[in-house]
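A.B. asks: Quick one: this structure, given as structure tokens, is what I'll be asking you about.
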Amino acid sequence: MDILKFKRILSSSSAKLLGRKLSYCLRYYHNRKHWPNLKHPKDLSEILISRILSNEFEKYALYADKIKVREYVKEKGLQNHLLHHYGYWDDAAKIDLDALPEQFVLKTSNGAGGKNIFLCRDKKTFDFEYACQQLSIALRKKYEYEKQYNVYKPYIICEELIDTGSNAWPTDYKFTCIHGQPVDIFIGTEREHGVKFCTRNLDWSILDNTKSSFLPDADPPKPKHLNDMIEIAKILSADFDFVRVDLYEHNDKVYFGELTFSPWGGIMYSYTDDAIKEYGRLLLEKY
């Protein structure tokens with residue numbers, strides 16, 4: 001059984017029978033081949049799991065919500081990096097497709113893991129009914145583990161589409177930040193084929209932080225505005241000891257995606273053991 005399939009099983013309702021702590025320990029063990037030390041966590045995954053189990057991340061709910069976080073971005077003077085929002089709904093039945101632009105994205109305000117995101121490039125071929133069915137299910141979901149997504153009432157968001165000119169999804173540039181400093185760029189690409197990941201340092205050199213099974217077939221493009229992205233990541237991460245700042249580049253401009261406090265649900269599946277040990281050391285050394 002591969003890692004991601006195992007993850008989906010343990011993240012399903014059947015995991016409730018095991019309890020949150022045991023489910024997390026099993027997921028960690030399946031990925032790392034040893035039991036996590038949650039009493040005295042040292043690597044980044046152990047630290048994040050400990051925080052998740054303590055519900056510590058609930059205090060970050062304001063920043064995890066994809067609507068409310070926009071006010072934080074504006075407070076930091078970065079409002080020009082926000083994608084346009086066309087509307088919010090607490091019921092998919094309230095969405096008027098005719099009133100929406102020709103291209104858009106539908107997603108939930110509390111979604112985690114890149115799920116329940118529907119890209120409309122052409123309303124004539126967009127399966128609006130299916131999208132609404134799935135989004136309605138997503139609105140009812142309660143997160144057993146990452147409880148920061150349960151604090152606020154969820155909404156469906158209609159957002160500006162980053163149009164790549166093809167069926168390809170935009171490349172995700174995710175800046176892992178510790179004590180307000182980016183330590184790597186976690187890049188998500190090839191999403192239209194199932195998504196692959198790799199990591200670069202701030203000079204865009206390859207970091208050996210990613211397990212080979214997650215690596216993409218082709219090197220992701222270096223963003224033109226990499227230096228601007230780094231500065232934005234520093235600004236948005238300054239108030240937190242750990243956060244991932246997700247950004248995009250489109251039409252010669254940088255756009256904000258979201259703030260993530262428990263990437264990979266805290267398991268950090270794609271990261272090597274050496275990487276999470278080093279990041280755990282960096283996170284703990286300033287305590």
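The values are calculated or read from the model by the stated rules, or taken from the named source; none is laboratory data. Fair warning: this is a prediction, and the values are worked out from it, not measured in the lab. No Cβ is skipped: glycine too gets one built from the backbone with ideal geometry, and neighbour counts run over all protein chains shown. These accessible areas exclude ligands, DNA and RNA; they are computed on the full protein's heavy atoms, side chains included. Shrake-Rupley method; radii C 1.70, N 1.55, O 1.52, S 1.80 Å.
A.B. asks: Scan the range 71-92 and report the pairs whose first residue is within 20 Å of Pro170 (Cα to Cα) and whose second residue is aromatic (Phe, Trp, Tyr), with Cβ atoms within less than 7 Å and a gap of 6+ or a chain change.
C.D. replies: Correct list of pairs: His81/Tyr255; His81/Phe256; Leu82/Phe256; Leu83/Tyr255; Tyr86/Phe104.
A.B. asks: For the list (1) within 17 Å of the chain's Cα centre (by Cα); (2) open to solvent by 20 Å² or more (accessible area, probe 1.4 Å), I need the number of the one condition that Ile49 fails.
C.D. replies: (2)
A.B. asks: Under the condition of being under 18 Å from the mean Cα position of the chain (by Cα) and surrounded by fewer than 17 Cβ atoms within 10 Å (Cβ to Cβ), which residue from the range 194-213 is farthest from Thr171 (Cα to Cα)?
C.D. replies: Only one residue fits best here, namely Gly194.
A.B. asks: While we're here: If a residue has to be crowded, with 19+ Cβ neighbours inside 10 Å and closer than 21 Å to Gly188 by Cβ to count, how many in the range 118-137 make the cut?
C.D. replies: Residues that pass the stated criteria total 2.
A.B. asks: Just name the residue that is nearest to Asn201 (Cα to Cα) out of those in the range 219-261 that are among the hydroxyl-bearing types (Ser, Thr, Tyr) and open to solvent by less than 20 Å² (accessible area, probe 1.4 Å).
C.D. replies: Of everything passing the filter in the range 219-261, Ser237 is nearest to Asn201 (Cα to Cα).
A.B. asks: Now a separate question. Could you grab me the full set of residues in the range 238-262 that are part of a strand (DSSP E or B) and farther than 22 Å from Lys224 by Cβ?
C.D. replies: Phe242, Val243, Leu259, Thr260, listed by residue number.
A.B. asks: Further question: How many of the residues making up the range 16-44 are open to solvent by less than 100 Å² (accessible area, probe 1.4 Å), not polar (S, T, N, Q) and not in a helix (DSSP H, G or I)?
C.D. replies: Residues in the range 16-44 being open to solvent by less than 100 Å² (accessible area, probe 1.4 Å), not polar (S, T, N, Q) and not in a helix (DSSP H, G or I): 7 in total.
A.B. asks: I need the full set of residues from the range 275-287 which are assigned to a helix (DSSP H, G or I) and free of Cβ contacts under 8 Å to residues at least 12 places away in the same chain, in order please.
C.D. replies: Once the filter is applied, which keeps residues that are assigned to a helix (DSSP H, G or I) and free of Cβ contacts under 8 Å to residues at least 12 places away in the same chain, the range 275-287 yields only Glu278.
A.B. asks: Can you name every residue in the range 131-145 that is hydroxyl-bearing (Ser, Thr, Tyr) and farther than 17 Å from Phe118 by Cβ?
C.D. replies: Tyr143, Tyr145, listed by residue number.
A.B. asks: Given the structure, is Asp246 modelled with pLDDT of 95 or more, under 27 Å from His81 (Cβ atoms) and either β-branched (Val, Ile, Thr) or touching a helix residue (DSSP H, G or I) at 6+ places or on another chain (Cβ under 9 Å) (or both)?
C.D. replies: When the stated conditions are applied, Asp246 does not pass them.
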